[in-house]
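S.K.: Can you keep this structure in mind? I'll have questions shortly.
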Amino acid sequence: MNRFYVRISWGLTLVFVHFRIQAVDLLPDFIGFWMAASALGGLGRQEHAFRVARLLAIVLIFLSLPNLINAGEAPVADEAFSFFGFSYGLLYSAFLLAFIYYLCTGIISAAKRNSLSELALSAHIRRSVFLTVTGATLILSPLALNTPETWQYLLIMLVIIGFLSGISIILLLRRAGHLLGPLVPAPDTRESLLSGEDKHT
């Protein structure tokens with residue numbers, strides 16, 4: 001089992017699952033992104049996409065801090081604060097979308113390198129669904145400011161599908177942890193050259 005993938009799955013559980021008492025989130029998102037960033041540091045030794053995902057996770061650690069006190073949900077009467085919360089939500093969702101994209105891309109690359117075509121296909125499908133739903137939410141959200149009644153039910157449906165898509169990413173990570181196994185260190189070519197080994201002779 002590869003514990004890096006499992007650690008990321010637990011981290012994303014904190015990100016996608018919320019348990020609040022009044023306005024305080026008892027499952028802080030920033031801890032989830034910190035767990036993901038620490039695990040991606042190990043996975044990034046073999047896949048470039050994981051290194052990019054780690055940088056995005058570090059940014060999301062700070063972007064997710066307002067979620068701790070539910071800053072994104074302001075009273076409607078307070079227009080200035082509501083606009084800030086709305087803009088923050090779009091920025092956060094955009095970075096989360098990019099993070100999931102590179103995370104799944106890394107899984108696809110690692111799966112192909114290990115001849116796990118089924119895992120690669122599963123990661124590709126789940127990545128596409130998440131990007132489509134999140135992208136549609138980002139595009140339609142500004143429209144809901146002017147015509148909330150028209151887009152309300154559609155946005156609610158997209159939020160539900162987005163949540164289920166996030167859960168599917170968590171399950172994908174757990175499956176990847178079981179199938180990909182522990183990391184195998186890359187061979188040291190310098191040591192081979194110094195010892196006089198040549199595979200072509």
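S.K.: I need every pair where a residue in region 58-73 that is open to solvent by 60 Å² or more (accessible area, probe 1.4 Å) and modelled with pLDDT of 75 or more has its Cβ under 6 Å from the Cβ of a residue that is in a loop (DSSP other than H, G, I, E, B) and among the basic types (Lys, Arg), sequence separation at least 6 or different chains.
M.R.: Filtered contacts from region 58-73: no entries.
S.K.: Among (1) at pLDDT 90 or above; (2) open to solvent by less than 30 Å² (accessible area, probe 1.4 Å), there is one condition Phe4 misses while meeting the rest; what is its number?
M.R.: Only one criterion is unmet by Phe4, namely (2).
S.K.: Still on this model: Residues of region 26-57 being surrounded by fewer than 18 Cβ atoms within 10 Å (Cβ to Cβ) and either among the acidic types (Asp, Glu) or within 23 Å of Ser109 (Cβ to Cβ) (or both), which ones?
M.R.: Ser38, Gly41, Gly42, Arg45, Gln46, His48, Arg51, Leu55
S.K.: Do we have Ser165 as over 20 Å from the mean Cα position of the chain (by Cα), under 23 Å from Ala49 (Cβ atoms) and at pLDDT 90 or above here?
M.R.: Here the answer is no, as Ser165 does not meet what is asked.
S.K.: Out of Ser128, Ser82, Ser87, I need the residue that is open to solvent by 20 Å² or more (accessible area, probe 1.4 Å) and at pLDDT 95 or above. Which one?
M.R.: Ser128
S.K.: Residues being surrounded by 20 or more Cβ atoms within 10 Å (Cβ to Cβ), more than 14 Å from Val15 (Cβ to Cβ) and in contact with a Lys or Arg (Cβ under 9 Å, 6 or more places away or on another chain): count how many of those fall in region 156-176.
M.R.: So the answer is 1.
The values are calculated or read from the model by the stated rules, or taken from the named source; none is laboratory data. The structure displayed is predicted, hence computed values, not measured ones. Cβ coordinates were reconstructed from backbone atoms using ideal geometry, including for glycine residues, and neighbour counts include every protein chain displayed. These accessible areas exclude ligands, DNA and RNA; they are computed on the full protein's heavy atoms, side chains included. Shrake-Rupley method; radii C 1.70, N 1.55, O 1.52, S 1.80 Å.
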